[in-house]
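Below is one structure, written out as structure tokens, with a few remarks after it.
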Amino acid sequence: MSTRSSRLSVTLEPKRLELLREFSPKATAIGLLVNPTNPRSELVVHQMDEAARGLGLKLQVLKASTEAELDSVFASLAHLGVGALLIAQEPSYNRWRGQIIALASSHAIPTMYATRDYTVAGGLVSYDASRIDQMHQVGVYVGRILKGEKPADLPVMQPTKFDLVINLKTAKALGLDVPPTMLARADEVIE
């Protein structure tokens, strides 16, 4: 059974960009890592280009669909003048999570991730729909079905709570001072 729940991951990318800018206010160019083999990447790039222009930032689109390409992308960051990096929501990147985090650390680049898993594993910061809230919504949805409502008649459920997770240990290793306003807004701080 499929739930009619939406993660809104594409629409969260501009918000992630805003939050990343708070971590790196001096950055004038932000990198966006996308998988060029994912058809949704084109939409993400278009959306992020608009968001970056609205914030007065230059967006450097970086493409990687293999582990070797990840190494090349990170090696090019300094040459491109990228001051911070946003990793787009990309399921295929999950298998390379450790490598991505290690590369971000070794290149000392403030990086925003799309899911909490990256931040827990040592990434700097993530912003995503709350998994706990989503599971609650799924439970409510299943309850309605069990009470006799037809799934086709139920509306698509949108996330209503979002989690900002910050890894202070990583911030310290990168020499970043986390703005107090970010700490106050964080749903989880990893120390």
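The values are calculated or read from the model by the stated rules, or taken from the named source; none is laboratory data. These numbers were taken from a predicted model, which means no experiment stands behind them. FYI the Cβ positions are ideal-geometry reconstructions off the backbone, even for glycines, and counts take in every protein chain you see.
Data for the structure
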quantity: Answer from 81, 98 - the residue that is of a type outside the set (Asp, Glu) and on the phi > 0 side of the Ramachandran plot; calculated: 81
quantity: Tally of residues being within 12 Å of residue 99 (Cα to Cα) and in contact with a strand residue (DSSP E or B) (Cβ under 6 Å, 6 or more places away or on another chain) across the range 64-78; calculated: 0
quantity: Criterion: of a type in the set (Gly, Ala, Ser) and either in a loop (DSSP other than H, G, I, E, B) or buried (at least 21 other Cβ atoms within 10 Å of the Cβ) (or both) - qualifying residue of 76, 65, 92; calculated: 65
quantity: Residue in the range 106-125 that is of a type in the set (D, E, K, R), in contact with a helix residue (DSSP H, G or I) (Cβ under 8 Å, 6 or more places away or on another chain) and within 14 Å of residue 86 (Cβ to Cβ) present; calculated: no
quantity: Residue that is buried (at least 16 other Cβ atoms within 10 Å of the Cβ) and under 24 Å from residue 32 (Cβ atoms), where the choices are 98, 122; calculated: 122
quantity: The lone exception for residue 152 - which of (1) loosely packed, with under 15 Cβ neighbours inside 10 Å; (2) touching a Gly at 6+ places or on another chain (Cβ under 7 Å) it fails; calculated: (2)
quantity: Where a residue in the range 90-108 is farther than 17 Å from residue 167 by Cα and its partner, wherever it lies, is surrounded by fewer than 16 Cβ atoms within 10 Å (Cβ to Cβ) and of a type outside the set (S, T, N, Q), with Cβ under 6 Å and at least six apart; calculated: 96/67
quantity: Tabulated pairs, the range 178-191, first loosely packed, with under 10 Cβ neighbours inside 10 Å, second outside any loop (DSSP other than H, G, I, E, B) and of a type in the set (D, E, K, R), C-beta under 7 angstrom, 6+ apart or interchain; calculated: 191/169
quantity: Residues that are charged (D, E, K, R) and under 30 Å from residue 124 (Cβ atoms), drawn from the range 148-169; calculated: 161, 163, 169
quantity: Unique match (being modelled with pLDDT under 90 and either in contact with a Pro (Cβ under 6 Å, 6 or more places away or on another chain) or closer than 26 Å to residue 72 by Cα (or both)) among 129, 108, 171, 104; calculated: 129
quantity: The range 33-56 residues that are of a type in the set (Asp, Glu), paired with ones that are outside any loop (DSSP other than H, G, I, E, B) and at pLDDT 95 or above (beta carbon under 7 Å, 6 or more apart); calculated: 49/59
quantity: Residue 171 being among the aliphatic types (A, V, I, L, M), within 17 Å of the chain's Cα centre (by Cα) and farther than 24 Å from residue 91 by Cα; calculated: yes
quantity: Residue 20 being part of a helix (DSSP H, G or I), more than 14 Å from the chain's Cα centre (by Cα) and in contact (Cβ under 8 Å) with a residue 12 or more places away in the chain; calculated: no
quantity: Output for the range 11-35, where each listed residue is exposed (fewer than 14 other Cβ atoms within 10 Å of the Cβ) and touching a Lys or Arg at 6+ places or on another chain (Cβ under 9 Å); calculated: 28
